[in-house]
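In what follows, a structure is listed as structure tokens, so that the remarks can point back to it.
The values are calculated or read from the model by the stated rules, or taken from the named source; none is laboratory data. Just so it is clear, the structure is predicted and the values come from calculations on it, not from any experiment. We place every Cβ from the backbone using ideal geometry, glycine too, and count neighbours over all the protein chains shown.
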Amino acid sequence: MSVRVRYAPSPTGHLHIGGARTALFNYLLAKKMGGTYILRIEDTDQARNVEQAEEKFLENFRWLGLLWDEGPGVGGEYGPYSCMERLDIYQNYVDQLLAEGKAYSCYCTEEELEKEREALLTKGQMPRYMGRCRHLTEEQKAAFEAEGRKKTVRFRVPEGKIIRFTDHVRGEMQFESDGIGDFVIVKSDGIPTYNFAVTIDDHLMKITHVIRGEEHLSNTPRQILIYQAFGWEIPEFAHVSLILNQDGKKLSKRDESIVQFIEQYRQLGYLPEALINFLALLGWSPGGEQEIFSLEELVEAFSLDRVSKSGAIFDTEKLAWMNGYYIKQADLERIVELAIPHLQRAGQIGESFDREWVTKLVSLYKEQMSYVAELPELAKQFFEEQVVYEGEAAAVLKEEQVPVVVAAFLEKAKQLPDWNADSIKAALKEVQTETGYKGRALFMTIRVAATGQTHGPDLNQSLELLGRERVVSRLQNVLVQA
Ligand code: GLU
């Protein structure tokens, strides 16, 4: 039997790192097993659907490279691939359960349900529906209808049953049906609930493995009861652990210590292959020392039994390191393309600019960047007329060699026939011979005087890019102040 998995996001906003990780695990299993990865839009919660969110979701997945074999825009044999287009399909199955007495209409009002909840809580019991409408006669139903009460459809949960399943991540699971209470499968607006729609869809789409977040664990027994009511085969389940923040606490969407949405990473100039690599290791481990994996290598190495049961700590520094690694490996032109809008937004370059110069600038910082949005700040010395010497830089300029070294290099700088990294390097060598200062006393002095910074990329190239005029004027200023 061929593996069929799905990721089924509700388009309620932006694509969260947790959702992207779930999608990735599904994708990896499908590809590893030569199976099919399906994307399905779970849009039954109309109040939470956000305009155009679906398109944004799809765009994020495309950007990450997690392309689906069936789903929106791609089609497939088992469509449509969004719940709201499948309402007729669900209706047939609701009718079947109603006809077989496995579901029933419920006329309870919000207030009645709330009262029942409170009463159970007061008694120290788990709040659940106690079945008030379970055995309504036709007359009682008619009376409620005449009152104009709204109705929902509830699933009749069998009493005294133990629901068992083996989870690929969590092992043997068991739930008592008596703790569940008859749950709603069709809301008063006629739209099925998540638990119902997901079961029908997973069955009809022949899903073999349901891989999703741990937060859905308590939904699984409900879904199993629905499979059983129809006499359908139950898929395998894997509930992936939560993502934790650096303090080991459950990551809340409001936690500002972590950037949480794929779009934000994209805007910051993270590379999709870095995110994929990082997310794969968030809760799954290949069991070796290797940390850098391409998508193909992940497919090769992936297995559900190496998905961890404990929560996965989101290590932002590791992500920055990993992204830096991928930036270093990336084609220079690609990083230049990503950098241009950041430099423009920072006002550092305009609509038209010297592409060759920008390319050199990016190449200078490519080794150092963790993500592209850092560039304007890292490279600000190239865009400021005046440098301000502060802190460590100011301290360096107080050292005794400064007037001698700066004056000597200034003379050379003015006279060099060509201003480029090679000629600058040669000039610095001459300054060394003439003044006797070398190493840090020479290079740090010139770096600080010309850039205002004590650290930075290659000095010769930096000076070339700054341009002779700017270097000369900065050196003159240092001499005046010295
Ligand atoms: N729509 C659910 C979610 O976004 C999907 C849960 C599932 O995979 O069954 O969490």
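Just a few scattered comments:
- Selection over the stretch 248-282 of residues that are touching a strand residue (DSSP E or B) at 6+ places or on another chain (Cβ under 9 Å), more than 25 Å from residue 335 (Cα to Cα) and surrounded by fewer than 19 Cβ atoms within 10 Å (Cβ to Cβ) gives a count of 3.
- Test: residue in the stretch 268-283 that is part of a loop (DSSP other than H, G, I, E, B), in contact (Cβ under 8 Å) with a residue 12 or more places away in the chain, under 27 Å from residue 45 (Cα atoms) and away from the ligand (no atom under 12 Å from the Cβ): no
- Candidates 62, 48, 21, 40 - the one that is closer than 22 Å to residue 226 by Cβ and basic (Lys, Arg): 40
- Cβ pairs under 8 Å, 6+ apart, first in the stretch 1-21 and more than 17 Å from residue 84 (Cβ to Cβ) and of a type in the set (Asp, Glu), second near the ligand (Cβ under 8 Å from one of its atoms) and at pLDDT 95 or above: none
- Considering only residues in the stretch 391-418 that are among the acidic types (Asp, Glu) and touching a residue at least 12 places away in the same chain (Cβ under 8 Å), the one that is farthest from residue 465 (Cα to Cα) turns out to be 399.
- Scanning the stretch 457-479 turns up no residue that is outside any helix (DSSP H, G or I) and without any contact (Cβ under 8 Å) to a residue 12 or more places away in the chain.
- Yes/no for residue 245 being more than 16 Å from the ligand (Cβ to nearest atom) and in contact (Cβ under 8 Å) with a residue 24 or more places away in the chain: yes
- One residue from 392, 377 being out of contact with any Ser or Thr (no Cβ under 8 Å at 6 or more places or on another chain) and not polar (S, T, N, Q): 377
- Helices (runs of 4 or more DSSP H) within the stretch 51-123 that include 3 or more residues in contact (Cβ under 8 Å) with a residue 40 or more places away in the chain and at negative phi: 53-64, 87-99
- Flag for residue 234 being on the phi < 0 side of the Ramachandran plot, surrounded by 20 or more Cβ atoms within 10 Å (Cβ to Cβ) and of a type in the set (A, V, I, L, M, F, W, C): no
- Matching residues in the stretch 1-41 - criterion: being assigned to a loop (DSSP other than H, G, I, E, B), more than 9 Å from the ligand (Cβ to nearest atom) and over 19 Å from residue 74 (Cβ atoms): 1, 13, 14, 33
- If you go through the stretch 440-482 and pick out every residue that is touching a Lys or Arg at 6+ places or on another chain (Cβ under 9 Å) and among the acidic types (Asp, Glu), you end up with 1.
- Residue in the stretch 47-67 that is surrounded by 16 or more Cβ atoms within 10 Å (Cβ to Cβ) and over 20 Å from the mean Cα position of the chain (by Cα) present: no
- Remark: residue 44 matches the filter, which requires a residue to be within 9 Å of the ligand (Cβ to nearest atom) and more than 23 Å from residue 282 (Cα to Cα).
- Selection within the stretch 165-221: residues that are farther than 24 Å from residue 39 by Cβ and in contact with a Cys (Cβ under 8 Å, 6 or more places away or on another chain). The member of this set that is surrounded by the most Cβ atoms within 10 Å (Cβ to Cβ) is 182.
- The strands (runs of 3 or more DSSP E) found wholly in the stretch 124-238 and carrying at least 3 residues that are away from the ligand (no atom under 16 Å from the Cβ) occupy 152-155, 162-167, 171-176.
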